[in-house]
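As structure tokens, the structure follows; a few thoughts come after it.
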Amino acid sequence: MSTNSPRTFQELSARNAIADAESHLDGFRVFLFGSARYKDKPSDIDLLFIYDPTRIAPQLAYQQLRPVFHAVSLATGCPVHPVVLSQVEEHETEFIESLDPQPVLLIDKV
């Protein structure tokens, strides 16, 4: 998983929007993946949100993130395609390991 400098304007914009929405992200790790990692004009912004189910009720995780989705969409001018998984779900599916190129960690508040 990469934590390098942003490669595209969209990646920088998403990173800044995530930082601004930090108060909504306690208990989450957020990753950027997909075409926004390497295209200047992606069709959407793919974000992976991994949450700690001991801190966030699974039935509330997606709802808690709605302001973040909106902030990233406004900042990038692209719709957000979120994937929201608990730590257990991510471990079982190995979602991060399946991505190529590897995702960029934007924030870790777990």
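Would you mind finding the one in Ser13, Ser43, Ser86, Ser35 that is loosely packed, with under 13 Cβ neighbours inside 10 Å, in contact with a helix residue (DSSP H, G or I) (Cβ under 9 Å, 6 or more places away or on another chain) and either of a type in the set (Ser, Thr, Tyr) or at positive phi (or both)?
Ser43
Which residue, of Leu106, Leu60, is out of contact with any Pro (no Cβ under 8 Å at 6 or more places or on another chain) and surrounded by fewer than 18 Cβ atoms within 10 Å (Cβ to Cβ)?
On inspection, the qualifying residue turns out to be Leu60.
Quick one: Tyr38 ticks every box in (1) of a type outside the set (A, V, I, L, M, F, W, C); (2) within 13 Å of the chain's Cα centre (by Cα); (3) modelled with pLDDT under 90 bar one, so which box is it?
(2)
I want to confirm something. Restricting to the range 54-83 and keeping residues that are under 16 Å from Lys109 (Cα atoms) and polar (S, T, N, Q), which single residue is farthest from the chain's Cα centre (by Cα)?
Thr54
The values are calculated or read from the model by the stated rules, or taken from the named source; none is laboratory data. Fair warning: this is a prediction, and the values are worked out from it, not measured in the lab. Glycine gets a Cβ as well: all are built from the backbone with ideal geometry, and neighbour counts include every protein chain shown.
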